[in-house]
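Read-outs throughout are calculated quantities, based only on the coordinates presented, and are distinct from any laboratory measurement. Here the structure is a predicted model, which is why all the values come from computation and not from measurement. Neighbour counts run over all protein chains shown; Cβ positions are idealised from the backbone, glycine included.
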Amino acid sequence: MEQQKKWEAKVSTRLENASSDQIWPLLEDFFGLHKWFPGLPTCYGIHGSNGEPGCVRYCAGFSLPSMDGATVSWSKEKLIEIDHVERRLSYEIVDCNTGFKSYVASMKIIPAADCGGWQMEWQFEMDPGVGWRLEDLVPKYEIGLQLMVKKMEVSISDSC
C-alpha cells in the first residue's frame, strides 16, 4: 500500500501596527495562546515550564470539530524548539481528538518581503487527516492567524 504524502501548508499575515519586538513576547508565551487565538477559550500548561523546550500545553474549545463525537475539541501540544533571536517556535501535537496525526508546526516573525515591516508566518506538516481536506484547513489557518495578529496589535496599542 502506497503511503500518502504529508500535508504541508504555510500562511502569513503582515504586522500592520506592531514591531517584532512588541509581538514576540506575546507569541513566545506558549501557555498563553488562548489570550490571542480566536475561539480558543482554554490553554494552560500541563508539563514543564512555560517557554522551555519539552513543555506541554493543553488547548481546548477551538473551532475544529472532534473526531470522537466529543463536544469539545482538544489537543496536547509540546514545544519542540524556541529561538528568541530568530523569533521562532516549533511545536508538535502529541495527543488530540481532532484526527491530526504526526502534526508539527512552527510560528515565526520575519521581515516582510515588500517595503519593510514584519509578518508572522505559521506553517505545518501533518499526515493527511481523516475527515479533512487540506484545502479546507488552509483558510482556517489564514483567518485564525489574521485574527490573532489583530488581537495582539490591539492589545499593544491599548497598553501604550
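Miscellaneous remarks
- Cβ charges +1 (Lys, Arg) and -1 (Asp, Glu), total dipole of the chain, debye: 240
- The Rg/Rh ratio of the chain, with Rg taken over Cα atoms and Rh as the Kirkwood radius over Cα pairs, comes to 0.96.
- For the range 86-160 and the range 1-63, distance of Cα centres in Å: 7
- Filter on 10/78; 76/108; 101/150; 6/35 - keep pairs with C-alpha separation over 23 Å: 101/150; 6/35
- The range 1-92: projected area of the alpha-carbon convex hull, averaged over directions, in nm²: 8.3
- Label-to-label distance, nm, for residues given as residue 29 and residue 130 (7 Å Cα→Cβ offset): 3.7
- Placing unit charges on the Cβ atoms of the charged side chains and taking the dipole of the range 7-159 about its Cα centre, the candidate lying farthest along the positive direction among 23, 120, 154 is 154.
- Cα gyration tensor, the range 106-149 - rounded (a/c under 1.5), prolate or oblate: prolate
- Degrees, to the nearest 10: 134-159 long Cα axis against longest axis of the chain: 30
- Contour excess over end-to-end distance, with Cα ends at residue 84 and residue 143 and 0.36 nm allotted per residue: 18.7 nm
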